[in-house]
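Right, one structure below, let's go through it.
The values are calculated or read from the model by the stated rules, or taken from the named source; none is laboratory data. In this text the structure is predicted, and so the values were computed from the model without any measurement. Ideal geometry is used to build each Cβ from the backbone, glycine not excepted, and the neighbour counts take in all protein chains shown. Ligands, DNA and RNA are excluded from the accessible area calculation, which covers all protein heavy atoms including side chains. Shrake-Rupley method; radii C 1.70, N 1.55, O 1.52, S 1.80 Å.
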Amino acid sequence: MLRPLTVDDAEDLFPVFSDGESMRFWSCLPHRAPRETRTMLDGMLARDDGSSRMWAVTLDGGRCLGWTSLYGADGRLVWLGYILAPEARGRGLATEAVAATLRYAFEEWDMHRIEANLDPRNDRSARLLERLGFCREGVRREDFLIGDRYHDTLIYGLLAAEWRQSRVPA
């Protein structure tokens with residue numbers, strides 16, 4: 001179940017954002033204190049100019065187990081983001097949450113294209129995107145700085161027409 005993400009979810013998300021394994025493929029270094037997670041959420045939610053949507057991934061509408069987001073919407077194009085707590089992984093929750101996010105993007109928000117950028121070493125995330133119909137489009141070399149090291153970015157894309165076609169019963 002998805003519900004709007006709030007700053008109050010920082011307490012549930014700090015264990016994710018402070019976990020080295022969870023952050024291995026993320027766009028920032030692990031958080032060292034809960035206030036870093038709260039500051040990050042506060043900044044993201046405060047900056048929202050209507051071009052983003054963020055949801056808490058939950059089992060029942062309560063405790064936040066991660067998030068899924070659409071951000072930077074411009075010209076019916078948007079980026080996808082998601083992360084789950086270690087205890088929530090391997091149960092299909094990411095697939096369900098991202099699928100619901102795609103439905104929102106294409107059906108409610110009328111997006112034309114969704115792009116997902118990930119670390120090329122993140123095989124689990126790549127498989128998730130491919131299961132949901134995304135196509136691998138390429139690699140941007142050393143285009144993202146995390147700490148003092150540059151990382152490659154793997155680009156995946158999904159067009160509304162492809163998504164609609166995959167949803168038509170055979």
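Can you tell me which condition S52 does not meet? The list is (1) among the small types (G, A, S); (2) in contact with a helix residue (DSSP H, G or I) (Cβ under 9 Å, 6 or more places away or on another chain); (3) surrounded by fewer than 15 Cβ atoms within 10 Å (Cβ to Cβ), and all the others hold.
Condition (3) is where S52 drops out.
Could you grab me the full set of residues in the stretch 1-30 that are of a type outside the set (D, E), part of a loop (DSSP other than H, G, I, E, B) and either open to solvent by 20 Å² or more (accessible area, probe 1.4 Å) or under 16 Å from D119 (Cβ atoms) (or both)? Can you show your working first?
Within the stretch 1-30, the first condition is being of a type outside the set (D, E), and the residues that meet it are 1-7, 10, 13-18, 20, 22-30.
Checking the rest, the ones that are also part of a loop (DSSP other than H, G, I, E, B) come to 1, 5-6, 18, 24-30.
Those that are of a type outside the set (D, E), part of a loop (DSSP other than H, G, I, E, B) and either open to solvent by 20 Å² or more (accessible area, probe 1.4 Å) or under 16 Å from D119 (Cβ atoms) (or both): M1, T6, S18, R24, F25, W26, S27, C28, L29, P30.
Would you mind listing the helices (runs of 4 or more DSSP H) fully within the stretch 73-170 where at least 2 residues are in contact with a helix residue (DSSP H, G or I) (Cβ under 7 Å, 6 or more places away or on another chain), within 22 Å of L41 (Cα to Cα) and open to solvent by less than 50 Å² (accessible area, probe 1.4 Å)?
Details: elements: 93-103, 123-131, 160-167.
Ranges flagged: 93-103.
So for the stretch 56-72 (the condition being in contact (Cβ under 8 Å) with a residue 60 or more places away in the chain, surrounded by 21 or more Cβ atoms within 10 Å (Cβ to Cβ) and closer than 19 Å to L132 by Cβ), does at least one residue qualify?
Checking the stretch 56-72: at least one residue is in contact (Cβ under 8 Å) with a residue 60 or more places away in the chain, surrounded by 21 or more Cβ atoms within 10 Å (Cβ to Cβ) and closer than 19 Å to L132 by Cβ.
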